[in-house]
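Read through the structure below, which is laid out as structure tokens, and then see the notes.
Bear in mind that the values in this text are calculations on the coordinates, not laboratory data. On a predicted model such as this, the values are computed, not experimentally measured, just so you know. Cβ atoms come from the backbone with ideal geometry, glycine included; neighbour counts cover every protein chain shown.
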Amino acid sequence: MILLDRVTKLYGRTNTALDRVSIHVEPREFVIIVGASGAGKSTLLKLLTKEEKPTSGKIVVGGLDYDKLRDKDIPLVRRKIGVVFQDFKLLPGKNVFENVSFALEIVGYGNREIAHTVPKVLDIVGLKGKEKRMPGELSGGERQRVAIARAVVRQPKILIADEPTGNLDPKYAWEIIKILEKINHYGTTVILTTHNQEIVNKLKRRVITISDGRVVSDRANARYTNEDSK
């Protein structure tokens with residue numbers, strides 16, 4: 001599903017964000033990426049979504065070789081990948097239903113398809129009955145649920161969750177993690193970045209640790225300690 005082969009990313013001549021990183025993620029995997037701020041996690045995610053280009057190395061996502069992609073093909077890549085951010089990025093003037101349906105409208109879905117699809121996704125993330133609520137009327141956990149619904153409503157093959165619990169208290173954080181696990185159970189590959197040791201250690205999933213732009217550990221059922229965040 002995801003292949004990075006000796007990927008290096010330089011900013012300028014001396015700033016090495018990633019240094020010969022090789023990662024292989026199978027379809028339907030749930031992978032956690034950890035590392036200190038500035039370790040290279042954000043750069044890695046930007047490479048996957050084609051916001052950045054590698055300086056060297058090969059990236060293949062969902063069967064698409066990024067070296068061979070033309071600019072007009074980039075929207076196709078991004079339809080395969082849903083992204084959830086720490087700060088929600090909801091449209092404040094649109095209600096829950098409209099925030100989620102907007103992701104379908106911009107790629108040409110009709111009203112009938114939208115009316116059929118959006119309620120199903122809102123039910124999956126636990127927002128049934130709150131379709132008309134505005135973002136300002138929701139808790140932080142509920143806003144993140146809307147963001148997840150918007151990210152998966154087009155049924156992407158991959159979901160990237162970039163610190164999705166960073167602004168949430170523990171109760172809401174675990175609710176979000178459970179939703180990500182449910183989405184993974186339905187067949188979506190999930191890439192989660194987090195600094196939350198408790199989440200990593202309880203999930204017992206594959207953990208990839210990045211430090212100074214390099215993969216320093218890649219282990220199944222791994223634990224995350226204070227040393228990993230330094």
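Compared with the direct C-alpha span, the chain from ARG6 to LYS202 gains 67.5 nm at full extension, assuming 0.36 nm per residue.
Annotation: for a label point projected 7 angstrom from Cα along Cα→Cβ of ARG28, residues of region 162-202 with backbone N closer than 20 Å are 178-192. Listed by chain and number, the aspartates and glutamates placed with their C-alpha closer than 18 angstrom to that of LYS94 are GLU105, GLU131, GLU137, GLU142; residues fewer than eight positions away on the same chain are left out.
Relative to its Kirkwood radius, the Cα radius of gyration of region 5-106 gives an Rg/Rh of 1.00. Placing pseudo-labels 7 Å out from each Cα toward the beta carbon at ASP123 and ASP19 gives an inter-label distance of 5.1 nm. Remark: the ARG214-LYS94 segment gains 39.1 nm on full extension, using 0.36 nm per residue and subtracting the alpha carbon distance. Structure remark: mean-square fluctuation, Gaussian network model of the chain, C-alpha springs under 10 Å; the largest value among ARG133, ARG20, ARG70 belongs to ARG70. Sorted from greatest to least, the principal axis extents spanned by the alpha carbons of region 73-186 come out as 37, 29, 23 Å.
Note on GLU105 and LYS182: with the Förster distance fixed at 22 Å, the Cβ-Cβ geometry gives a FRET efficiency of about 0.30. In the structure shown, do any of LYS41/LYS89; LYS80/LYS132; LYS50/LYS204; LYS50/LYS130 have a Cα-Cα gap over 25 Å, and if so which? Too far apart for the 25 Å limit: LYS80/LYS132; LYS50/LYS204; LYS50/LYS130.
Per-peptide packing, taken as the mean over residues of other Cβ atoms within 10 Å, places 203-209, 59-65 in the sequence 203-209, 59-65 from highest down.
Highest mean packing comes first when the peptides 48-56, 154-162 are listed by Cβ atoms within 10 Å, giving 154-162, 48-56. Restricting the calculation to Cα atoms, the chain yields a radius of gyration followed by a Dmax of 17.7, 53 Å.
Under 19 Å from a point placed 7 Å out from the Cα of LYS68 along the Cα-to-Cβ direction: which residues of region 176-191 have their backbone N that close? The answer is none.
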